[in-house]
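Undergrad: Supplied in structure tokens, the structure appears directly below.
Readers should treat all values here as calculations from the given coordinates under stated rules, not as data from a laboratory. If you're wondering where the values come from, they're calculated on a predicted model, not measured in any experiment. Here the Cβ positions follow ideal geometry from the backbone for every residue, glycine too, while neighbour counts run over all protein chains shown.
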Amino acid sequence: MTNALVTGATGFLGQHVCLRLQRMGWNVTGLGRNEAAGLALASQGIRFVQADLQDEDAVVRACSGQDIVFHCGALSSLWGPYRSFHAANVEGTRNIVAGSQKHGVRRLIHISTPSIYFRYKDRFGVRETDPLPAKPINAYAATKLQAEQIVFQAFAEGLPGLILRPRAIFGPMDRTLFPRLLQANDTRGIPLFRGGNVTLDLTYVDNLVDAMLLATEAPQDALGLAYNITNGEPALLKDVLAELFSALGIPLRTRVIPYPVAYGAAALMEVSHRLLPVLGEPPLTRYSTTVLARNQTLDISLAREKLGYAPRIPLAEGLQRFAEWWRTEGRCR
């Protein structure tokens with residue numbers, strides 16, 4: 001029986017990974033902070049360790065006896081103090097690597113982000129080897145890039161592992177991506193730039209879990225690399241929104257805003273919210289505005305070639321699955 005540790009086990013992706021592995025008969029340990037979600041996992045036969053990634057002793061102990069470590073845990077947010085991102089994403093990854101090295105983990109699968117590629121312009125078919133921006137777009141991207149460097153260094157020192165960079169993960173149990181759109185739809189309407197004629201990539205969560213499982217058996221020459229992961233179906237934002245809200249049975253409300261106006265407003269909001277941290281996250285950031293206004297797609301040919309990745313759940317089916325979950329469970333939580 002394969003022993004696996006999943007960090008971020010109480011988050012969206014982590015829960016999906018834990019439950020898939022458990023169904024496959026693996027001996028799964030989930031590490032996370034949310035006690036209620038952890039108890040729900042434990043009720044399904046998954047060992048739960050309540051700990052913070054910054055707790056080096058707890059993290060290193062959790063790696064003991066593990067064959068595979070899936071490092072899904074991270075602070076993923078558009079806003080917040082840099083020190084919080086550094087503690088979770090950099091120090092947390094350093095602790096996971098230390099535990100994996102100490103206990104001879106057979107493979108480390110690290111979940112990163114294509115946010116490290118982000119530029120304020122249209123980009124199509126971005127490859128893993130394309131030059132990165134001189135300065136990451138935000139604290140999240142900056143610290144995830146540093147975390148990657150820790151994993152690459154560990155590989156150079158003999159720790160078998162690889163990195164996945166999934167784009168815009170969605171599916172049942174998602175509390176971030178589509179729920180944000182639903183909230184915007186319920187209030188003032190979803191802002192559209194270029195009439196929604198913006199091409200983007202999405203990743204259905206089960207396809208990402210498939211890629212993670214492929215990574216556990218990837219050959220030696222596939223290790224030590226980073227891989228883009230998407231559904232491989234670039235789509236226009238306006239079409240995705242139309243299909244999603246049709247599946248949900250909810251009228252789609254949009255509002256057309258000139259990009260320069262929204263970008264300027266977002267910049268002012270960022271300044272005011274930095275000066276007054278009590279205000280929390282700004283309603284708009286330059287990053288969130290540009291994501292909706294600029295084309296960005298990823299090239300996944302490396303994952304297809306080296307990992308044998310082939311997205312199994314089409315975009316349309318994934319949207320339907322999310323809608324069914326939202327109607328029955330999601331909106332009530």
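Undergrad: Across the chain, how many lysine pairs, 8 or more apart or on two chains, come within less than 30 Å at their alpha-carbon atoms?
TA: 10
Undergrad: Could you state the angle between the C-alpha long axis of helix 237-248 and the longest principal axis of the C-alpha atoms of the chain, as a value from 0 to 90 degrees rounded to the nearest 10?
TA: 80
Undergrad: If you put +1 on each Lys and Arg Cβ and -1 on each Asp and Glu Cβ, how big is the dipole of the chain around its Cα centre, in Debye rounded to 20?
TA: Details: 35 positive and 29 negative charges, 145 e Å.
The calculation lands at about 700 debye.
Undergrad: Report the full-extension gain for the segment residue 194 to residue 44: residue separation times 0.36 nm, less the Cα-Cα distance, to one decimal in nm. List each step's numbers first, then the result.
TA: Working: separation 150, 0.36 × 150 = 54.00 nm, distance 4.62 nm.
Extra length from residue 194 to residue 44 when fully extended: 49.4 nm.
Undergrad: Beyond 20 Å, what share of the Cα-Cα pairs of the range 157-261 remains, rounded to the nearest whole percent?
TA: Details: 2795 of 5460 pairs.
More than 20 Å apart: 51 percent of the Cα pairs in the range 157-261.
Undergrad: So what is the calculated 222 nm ellipticity per residue for the chain, using -39500 (n - 2.57) for each DSSP H run with n of 4 or more, over all residues, to the nearest 500 deg cm²/dmol?
TA: Numbers: 13 runs with 140 residues, N = 333.
Estimated from H runs of four or more residues: -12500 deg cm²/dmol.
Undergrad: Could I ask something else about it? Using 0.36 nm per residue, how much length does the chain from residue 83 to residue 129 gain when fully extended, once their Cα-Cα distance is taken away? Can you show the working numbers first?
TA: Working: separation 46, 0.36 × 46 = 16.56 nm, distance 2.84 nm.
The span from residue 83 to residue 129 would gain 13.7 nm if fully extended.
Undergrad: Hey, another quick one. Charges at C-beta only: +1 for Lys and Arg, -1 for Asp and Glu. How large is the resulting dipole of the range 183-333 about its Cα centre, in Debye rounded to 20?
TA: Working: 15 positive and 16 negative charges, 152 e Å.
That gives a dipole near 740 debye.
Undergrad: Over all directions, what mean area does the Cα convex hull of the range 1-151 project, stated in square nanometres?
TA: Values: hull surface 38.5 nm².
It is 9.6 nm².
Undergrad: With point charges of +1 on the Cβ of Lys and Arg and -1 on the Cβ of Asp and Glu, referenced to the Cα centre of the chain, which listed residue (325, 177, 246) lies farthest in the positive direction of the dipole?
TA: Positive-end residue among those listed: 246.
Undergrad: Say R0 is 35 Å: what FRET efficiency, to the nearest 0.05, do residue 272 and residue 246 get from their beta-carbon distance? Don't skip to the answer; put the middle values down first.
TA: On the way: r = 37 Å, r/R0 = 1.06.
E between residue 272 and residue 246, to the nearest 0.05, is 0.40.
Undergrad: Ok, one more. For the range 111-191, with only Lys/Arg (+1) and Asp/Glu (-1) charged at the beta-carbon, what is the dipole magnitude about the Cα centre, in debye rounded to 20? Walk me through the intermediate numbers first.
TA: Numbers: 11 positive and 7 negative charges, 65 e Å.
That gives the range 111-191 a dipole magnitude of about 320 debye.
Undergrad: Exposed loop GluC sites (Glu not before Pro) only (DSSP loop, at most 16 other Cβ atoms within 10 Å): please give the longest stretch of the chain free of them, not including the sites.
TA: Values: sites that count: 157, 217, 329.
Maximal segment without exposed cleavage sites: 1-156.
Undergrad: Rg(Cα) of the range 49-132 divided by 2.2 N^0.38 Å?
TA: Details: Rg = 15.3 Å, N = 84, 2.2 N^0.38 = 11.8 Å.
That works out to 1.29 for the range 49-132.
Undergrad: Based on the Cα atoms of the range 209-333, what semi-axes does the equivalent ellipsoid have, where each is the square root of 5 times one gyration tensor eigenvalue, given in whole Å with the largest first?
TA: Details: eigenvalues 214, 104, 50 Å².
The equivalent ellipsoid of the range 209-333 has semi-axes of 33, 23, 16 Å.
Undergrad: Which FRET efficiency value, to the nearest 0.05, is calculated for residue 67 and residue 312 with the Förster distance at 30 angstrom and r the Cβ-Cβ distance?
TA: On the way: r = 24 Å, r/R0 = 0.81.
For R0 = 30 Å, the calculated efficiency reads 0.80.
Undergrad: While we're looking at this one, here's another question. Taking the dipole about the Cα centre of the chain, with the C-beta of Lys and Arg at +1 and of Asp and Glu at -1, give me whichever of 208, 224, 287 is farthest to the positive side.
TA: Final value for the positive-end residue is 287.
Undergrad: Which of 262, 218, 36 ends up with the largest GNM mean-square fluctuation for the chain, with Cα atoms connected below 10 Å?
TA: 36
Undergrad: Using the alpha carbon gyration tensor of the chain, what are the three equivalent-ellipsoid semi-axes (square root of 5 times each eigenvalue), largest first, in whole Å? Write down the numbers at each step before the final one.
TA: Details: eigenvalues 197, 97, 85 Å².
Equivalent ellipsoid semi-axes, largest first: 31, 22, 21 Å.
Undergrad: Can you tell me the relative contact order of the chain? Whole percent, Cα pairs under 8 Å, sequence separation 6 or more. Intermediate results must be reported in sequence, preceding the final value.
TA: Values: 614 pairs, mean separation 57.0, N = 333.
It rounds to 17 percent for the chain.
Undergrad: Can I ask one more? So what's the angle, to the nearest 10 degrees on a 0 to 90 scale, between helix 177-186 and the longest Cα principal axis of the chain?
TA: Rounded to the nearest ten degrees, it is 30.
Undergrad: In whole Å, what are the Cα extents of the range 14-64 along the three principal axes, biggest one first?
TA: The Cα atoms of the range 14-64 stretch 30, 23, 14 Å along the principal axes, largest first.
Undergrad: Also, quick follow-up: Just for the chain, what percent of DSSP beta bridges are antiparallel, to the closest 5?
TA: Numbers: 2 of 35 bridges.
Here the share of antiparallel DSSP bridges comes out near 5 percent.
Undergrad: Just from the alpha-carbon atoms, what are the Rg and Dmax of the range 95-246 in angstroms?
TA: 17.5, 53
Undergrad: Same structure, new question: Amide H to amide H, which residues 5 or more places from residue 126 or on other chains are under 5 Å from it, using H placed in the peptide plane?
TA: Long-range HN contacts for residue 126: 297, 298, 299.
Undergrad: I've got another one for you. Give the residue from 74, 273, 139 lying farthest towards the positive end of the charge dipole for the chain; charges sit on Cβ (+1 for Lys and Arg, -1 for Asp and Glu) and the dipole is referred to the Cα centre.
TA: Looking along the dipole axis, the top candidate is 273.
Undergrad: What order do you get for 5, 236 when you list them from fewest to most C-beta neighbours inside 10 Å?
TA: Values: 5 28, 236 16.
Least crowded to most crowded, the residues run 236, 5.
Undergrad: At 20 °C and 1.002 mPa s, grab the translational diffusion coefficient of the range 132-198 from Stokes-Einstein with a Kirkwood Rh over Cα pairs, rounded to a whole number in µm² per second. Each step should come with its number before you reach the end.
TA: Working: Rh = 15.5 Å.
Diffusion coefficient, whole number: 138 µm²/s.
Undergrad: Each label point is 7 Å from the Cα along the Cα-to-Cβ direction; what then is the distance between the points at residue 119 and residue 181, in nm?
TA: With each label point 7 Å from Cα toward Cβ, the separation is 2.6 nm.
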